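Peer 1: Handing you this structure, nothing more for now.
Rule-based calculations on the coordinates, nothing more; no lab input. Worth saying up front: this structure is predicted, and the values here are computed from it rather than measured. Here Cβ is always computed from backbone atoms with ideal geometry, including for glycine, and neighbour counts include all displayed protein chains.
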Amino acid sequence: MATVTYTPTVRSRPRPSFEVVQPATTYTGSPIEPLAKGLPKATQSVCPECLQVIDARLFEENGAVYMEKRCAAHGEFRDKIYSDARLYLKMEEWTFGDNRGLENPAVLNATRCPDDCGLCSLHTSHTVLSNVDLTNRCNLTCPVCFANANVAGYLYEPSFEQVTAMLAGLRAQRPVPNRVVQFSGGEPTLYPRFHDILRKATELGFTHIQVATNGINFADLEFAEKAKEAGLHTLYLQFDGITDDVYLRTRGQRLMAAKLACIENCRRAGLKIVFVPTIVKGVNDHQIGDMIHFAIDNIDVVSGFSFQPVAFTGRINRRQLEAQRFTQSDLAHSVAEQTGLTDTYNDWFPLSCTSPFSKLLSALQNFQRPNLTSHPHCAMGTYLYVDPRTKTAVPITRFFEMGGMLRDIDLLARKAAGARFKMFSKISAWNSLHRHFKAQFAPPGLTFERFLNTLQGMTDHAHGRGAGDGTFTYKTLLVAGMHFMDVYNYDISRVKRCVIHYTAPNGLVYPFCTYNSGPCFREKIEKQFSVPLDLKAAKPAPSNGSGNGLVNVS
């Protein structure tokens with residue numbers, strides 16, 4: 001293992017330098033190039049026209065971060081990656097080294113990313129969240145959708161046996177079998193054996209089962225209760241705003257009444273909801289704060305947000321691209337400005353900062369747990385602790401010194417991994433967490449013990465976030481943004497570290513941003529495993545689905 005030393009900062013206060021353990025190779029021996037930090041820097045991208053891999057440069061200009069690249073055949077391209085360079089650089093401070101991929105990747109001896117995909121021997125992360133597309137049929141016609149089912153002209157709907165094999169392949173990954181699966185589409189609830197697939201996923205050992213849905217079928221209480229009984233835990237609910245004028249623009253019809261009915265039925269059935277807004281600049285970014293306040297008002301059933309800034313397919317000129325691009329730092333600024341709950345620079349961390357916790361739990365429990373070693377610019381977020389009675393929301397950073405804790409836990413994880421006796425490590429972990437807990441700034445009723453229980457509930461679904469009568473854990477709301485790439489902002493260093501994957505009937509597993517953009521394996525897979533629409537005339541014609549993310553601007 002190689003080590004890289006750098007000095008992170010929290011709230012602009014310097015910290016003592018500490019070593020980040022960086023593996024030299026994947027499990028199968030492919031060299032791992034450590035994360036390049038700072039600006040300017042070089043990376044590799046793709047040409048938006050021909051999709052060939054080309055060199056790209058990332059640099060700061062007027063306080064923002066841009067990518068420039070040139071294709072010999074199609075000329076120069078430029079895109080804004082982050083609107084705030086200060087936040088961009090902060091995300092890089094809180095990374096803790098790469099993982100080593102899979103011991104059993106499907107594609108060995110890979111040399112070309114993103115073309116040699118499946119997962120390949122170059123990939124550094126294992127699957128943390130898997131997506132299984134059940135169908136490209138839908139009961140909506142959305143202008144905003146990455147599935148593009150409305151124009152496909154064919155039906156993609158793997159058989160029950162094919163889906164079962166796809167799930168079994170995810171569970172067979174080593175050294176970390178996939179535990180969290182999300183069924184997607186199209187609208188996955190239209191799959192003929194939807195509830196049977198939920199049961200099969202439970203039977204195969206998935207500990208958390210999600211569905212990415214527009215929520216229309218969950219407006220039927222019986223459907224929601226049957227899904228819960230079959231093993232469903234969480235809805236990733238398409239939720240673009242709190243007024244119908246937004247849905248008319250993003251989804252083509254009024255949907256707020258259906259969303260409210262879905263939320264109420266999830267409450268009654270005992271399901272949890274993560275809101276998934278596709279954010280289109282100038283369309284619904286003004287409602288980010290309203291959506292967060294709505295979630296706090298429904299904290300008994302809503303556990304988080306996955307804000308997804310829109311990505312672009314088709315051709316778009318530079319002026320239009322800059323006008324419509326909404327970056328993750330735009331999200332951080334919008335949350336602060338529209339809610340007053342968060343600080344733009346102190347409260348946001350990359351989701352990959354959770355890696356020290358995963359490493360420590362793996363060491364203490366003597367088995368490999370899922371580890372979020374994604375690229376720091378893939379996703380960022382903050383946790384709000386919410387008093388369910390007063391609806392007061394307090395960011396975790398107000399009462400917990402995140403930076404010092406992350407450093408201490410990462411150091412402890414390395415010590416615990418080599419320790420013969422784990423009890424001392426457990427005591428050290430307790431003390432490390434406790435010294436960073438500031439009880440005087442905690443929200444009402446949040447003791448240190450309850451804080452630990454809440455952390456446990458985030459990783460142990462037997463407890464869950466806020467399960468039971470509320471005396472064991474505290475209500476939390478994850479506010480996170482995940483910016484999936486398109487061909488204009490494509491960064492291959494991000495692809496290699498992706499932790500959100502799609503599995504396909506061909507037995508291969510694809511990073512999100514090779515399946516839906518870049519080489520776009522989705523089109524190849526769906527065409528290979530599909531039938532013409534007229535052969536399935538008895539089924540509803542496909543249209544745009546509950547997948548959130550891309551708008552075709554052409």
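Peer 1: How much length, in nm to one decimal, is gained on full extension between Arg369 and Lys281, taken as 0.36 nm per residue of separation minus their Cα-Cα distance?
Peer 2: Working: separation 88, 0.36 × 88 = 31.68 nm, distance 3.72 nm.
Full extension of this stretch gives 28.0 nm more.
Peer 1: Here's a follow-up. Under 4 °C and 1.567 mPa s, how fast does region 345-405 diffuse according to Stokes-Einstein, given a Kirkwood radius computed over C-alpha pairs? Answer in µm²/s, whole number.
Peer 2: 98 µm²/s
Peer 1: Return the lysines within reach of Lys37: Cα separation strictly under 22 angstrom, same-chain partners fewer than 8 residues apart disregarded; answer none if there are no such residues.
Peer 2: Partners found: Lys69, Lys80, Lys90, Lys496.
Peer 1: Only helical DSSP H runs with n ≥ 4 go in: add -39500 (n - 2.57) per run for the chain, normalise by residue count and round the 222 nm mean residue ellipticity to 500 deg cm²/dmol. Intermediate values should be presented prior to the final figure.
Peer 2: Numbers: 17 runs with 163 residues, N = 554.
My calculation for the chain gives -8500 deg cm²/dmol from helical runs alone.
Peer 1: How high is the relative contact order of the chain, in percent, with contacts defined as C-alpha pairs under 8 Å that are six or more residues apart? It would help to have the intermediate numbers written out before the result.
Peer 2: Working: 1235 pairs, mean separation 119.0, N = 554.
Relative CO of the chain lands at 21 percent.
Peer 1: Check His208: other-chain or 5+ apart residues with amide H under 5 Å from its amide H, H built from backbone geometry?
Peer 2: So His208 has HN proximity to Val181.
Peer 1: Under a cut-off of 18 Å between alpha-carbon atoms, report the aspartates and glutamates in cross-link reach of Lys281, not counting same-chain residues fewer than 8 places apart.
Peer 2: Within reach: Asp79, Asp84, Asp240, Asp244, Asp245, Asp290, Glu322, Asp330, Glu337, Asp486.
Peer 1: Can you give me the relative contact order of region 115-241 as a percent, contacts being Cα pairs under 8 Å and 6 or more apart? Before the final figure, lay out each step's value.
Peer 2: Working: 182 pairs, mean separation 33.0, N = 127.
Answer for region 115-241 is 26 percent.
Peer 1: What is the set of long-range amide H partners of Gly518 at a cut-off below 5 Å, with H atoms built 1.01 Å from backbone N?
Peer 2: Under 5 Å from the amide H of Gly518 lie the amide H atoms of Val487, each far enough along the sequence or on another chain.
Peer 1: Follow-up question, since we're still on this one. Taking the mean number of other Cβ atoms within 10 Å as a proxy for protection, how do you rank 406-415, 507-516 from highest to lowest? Don't skip to the end; give the middle numbers.
Peer 2: Working: 406-415: 20.2, 507-516: 23.8.
Going from most to least packed, we get 507-516, 406-415.
Peer 1: Counting other beta carbons within 10 Å of each Cβ, put Met402, Met380, Met256 in order, fewest first.
Peer 2: Details: Met402 20, Met380 27, Met256 15.
The most exposed by this proxy come first: Met256, Met402, Met380.
Peer 1: Tell me the Rg and the Dmax, in Å, that the Cα atoms of region 257-297 produce.
Peer 2: 11.9, 36
Peer 1: Which part of region 350-373 falls in the paramagnetic zone of Ala419, meaning amide N under 19 Å from the point 7 Å along Cα-to-beta-carbon?
Peer 2: Taking a point 7 Å out along Cα→Cβ of Ala419, the residues of region 350-373 whose backbone N falls under 19 Å are 355-369.
Peer 1: Then there is this: Using the Karplus equation 6.51 cos²θ - 1.76 cosθ + 1.60 (θ = phi - 60°), what ³J(HN,Hα) coupling, rounded to whole Hz, does each residue of region 60-73 give in order, writing x for Gly and Pro?
Peer 2: My calculation for region 60-73 gives 9, 8, 6, x, 10, 10, 10, 10, 10, 7, 9, 9, 4, 8 Hz in order.
Peer 1: Rank-order 34-43, 246-255, 49-58 by packing density, defined as the average count of other C-beta atoms within 10 Å over each peptide's residues, highest first. Could the numbers behind the result be given before it?
Peer 2: Details: 34-43: 14.0, 246-255: 18.4, 49-58: 16.6.
Order by mean packing, descending: 246-255, 49-58, 34-43.
Peer 1: Given Leu248, Ala261, Val301, which one lies farthest toward the positive end of the charge dipole of the chain, if we put +1 on the Cβ of every Lys and Arg and -1 on the Cβ of every Asp and Glu?
Peer 2: Checking the options against the dipole of the chain, the answer is Val301.
Peer 1: Under the 0.36 nm per residue contour assumption, what length would be gained going from the current alpha-carbon distance of Arg171 and Glu33 to full extension?
Peer 2: Numbers: separation 138, 0.36 × 138 = 49.68 nm, distance 2.78 nm.
Taking 0.36 nm per residue and subtracting the Cα distance, the gain is 46.9 nm.
Peer 1: Counting only DSSP beta bridges with both residues in the chain, what percent are antiparallel, rounded to the nearest 5? Intermediate results must be reported in sequence, preceding the final value.
Peer 2: Values: 48 of 82 bridges.
Restricted to the chain, the bridges split so that about 60 percent are antiparallel.
Peer 1: Also, quick follow-up: Mind giving me the nanometre distance, one decimal, between the label points for Asp300 and Gln44, set 7 Å out from Cα along Cα→Cβ?
Peer 2: 5.3 nm
Peer 1: Students often forget the sequence filter, so: which lysines lie under 26 Å Cα-Cα from Lys426 once same-chain residues fewer than 8 apart are removed?
Peer 2: Output for Lys426: Lys359, Lys415, Lys438, Lys475.
Peer 1: If packing is taken as the average number of other Cβ atoms within 10 Å across a peptide's residues, how do 232-240, 173-181 rank, most packed first?
Peer 2: On the way: 232-240: 25.7, 173-181: 19.3.
Peptide ranking by packing, descending: 232-240, 173-181.
Peer 1: If you take the alpha carbon radius of gyration of the chain and divide it by 2.2 N^0.38 Å, what ratio comes out, to two decimals?
Peer 2: Numbers: Rg = 22.3 Å, N = 554, 2.2 N^0.38 = 24.3 Å.
Working it through for the chain, the quotient is 0.92.
Peer 1: Full-extension gain between Gln528 and Glu103, please, as 0.36 nm times their residue separation minus the C-alpha to C-alpha distance. Walk me through the numbers on the way to the answer.
Peer 2: On the way: separation 425, 0.36 × 425 = 153.00 nm, distance 2.80 nm.
Length gained between Gln528 and Glu103: 150.2 nm.
Peer 1: About its Cα centre, how strong a charge dipole does the chain have in debye, to the nearest 20, once Lys and Arg get +1 and Asp and Glu get -1 at the Cβ?
Peer 2: Working: 59 positive and 51 negative charges, 221 e Å.
Charge dipole, the chain, about its Cα centre: 1060 debye, nearest 20.
Peer 1: Which is farthest toward the positive dipole end of the chain among Gln440, Gly282, Thr514, measuring Cα position about the Cα centre, with Cβ charges +1 (Lys, Arg) and -1 (Asp, Glu)?
Peer 2: Gln440
Peer 1: Relative contact order for region 199-245: what percent, with Cα pairs under 8 Å and sequence separation of 6 or more? Can you show the working numbers first?
Peer 2: On the way: 39 pairs, mean separation 22.4, N = 47.
Relative contact order of region 199-245: 48 percent.
Peer 1: What are the residues whose amide H is under 5 Å from the amide H of Thr313, where those residues sit 5 or more places off or on another chain and H is modelled from the backbone?
Peer 2: So Thr313 has HN proximity to Val551, Asn552, Val553.
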